[in-house]
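What follows is one structure encoded as structure tokens, with my remarks underneath.
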Amino acid sequence: MATGRTVGPADGPALLRCSLTYALGSLSFAAEVDLRCPTPCAEWNLGALVDHMRDSNDALREAVAFGDVPIAPTRPTNESVRSVQALRAELHRLRAAWEDPLPPEEIHVEGLPLSLGVAALAGALEIAVHAWDIGQSCHHPNPVPTRLADALLSVAPLLIPETDRPGLFDPPLPVASSAPANDRLLAFLGRCPERPVAVA
């Protein structure tokens with residue numbers, strides 16, 4: 001993706017693939033970690049975060065395959081490495097689904113139409129921030145790659161308007177405009193890149 005140009009829905013699939021690659025790298029740190037350990041999201045431990053990502057990614061894969069986003073039930077937290085292995089497999093399946101499309105131009109979320117490119121952008125943003133969460137939880141800080149963070153930062157305010165933020169993300173944190181793109185993206189999403197996750 002060319003630096004300096006406007007990011008839009010047409011960039012969604014490429015950004016989603018970048019986020020998936022980044023997430024697979026972060027997930028490599030989780031194989032030997034107790035899934036009861038805390039994450040940057042105070043309400044979730046690592047097992048709950050992994051299972052949330054499995055549900056979200058499964059829904060996005062079905063969107064590109066069938067043009068519909070199901071409302072997936074929440075799985076019970078599986079406090080074993082099998083949960084991590086299942087997420088890794090789901091990430092690979094999702095990447096394959098977006099590399100071999102003739103996808104629909106439009107999908108439906110609870111019956112409402114949404115451009116496939118916008119769905120991919122939203123997926124890329126969620127996957128990237130949760131991949132960062134995983135690295136923090138495992139005490140292996142893994143910054144969002146600069147170009148990916150910069151691209152996601154440019155569309156994040158459109159994907160997360162203030163009216164939709166409650167219950168999804170904490171309020172934005174102050175950050176210097178000169179800070180790296182990774183830090184500015186995390187601050188927008190209510191995360192402090194310099195605050196370590198407590199050891200359980």
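The values are calculated or read from the model by the stated rules, or taken from the named source; none is laboratory data. Being a predicted model, the structure only gives us computed values, none of them experimental. Methodologically, a virtual Cβ is constructed for each residue, glycine included, from the backbone with ideal geometry; neighbour enumeration extends over all protein chains shown. Heavy atoms of the whole protein, side chains included, go into the accessibility calculation; ligands, DNA and RNA do not. Shrake-Rupley method; radii C 1.70, N 1.55, O 1.52, S 1.80 Å.
Descriptive notes on the structure:
- Which listed residue is in a loop (DSSP other than H, G, I, E, B) and modelled with pLDDT of 95 or more, from Val199, Val144: Val144
- Test result for Val175, under 17 Å from the mean Cα position of the chain (by Cα), modelled with pLDDT of 90 or more and part of a loop (DSSP other than H, G, I, E, B): no
Yes/no per residue for (1) touching a residue at least 40 places away in the same chain (Cβ under 8 Å); (2) among the hydrophobic types (A, V, I, L, M, F, W, C); (3) farther than 30 Å from Gly117 by Cβ; (4) crowded, with 19+ Cβ neighbours inside 10 Å:
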| position | (1), (2), (3), (4) |
| --- | --- |
| Leu15 | yes, yes, no, yes |
| Ser19 | yes, no, no, yes |
| Ala23 | yes, yes, no, yes |
| Phe29 | yes, yes, yes, no |
| Arg36 | yes, no, yes, no |
| Leu46 | yes, yes, yes, yes |
| Asp51 | no, no, no, yes |
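- Residues located in region 162-171, provided they are under 17 Å from the mean Cα position of the chain (by Cα) and open to solvent by less than 100 Å² (accessible area, probe 1.4 Å): Asp164, Arg165, Gly167, Phe169, Asp170
- Residues that are at negative phi, open to solvent by 70 Å² or more (accessible area, probe 1.4 Å) and out of contact with any Leu (no Cβ under 9 Å at 6 or more places or on another chain) do not occur anywhere in region 182-190.
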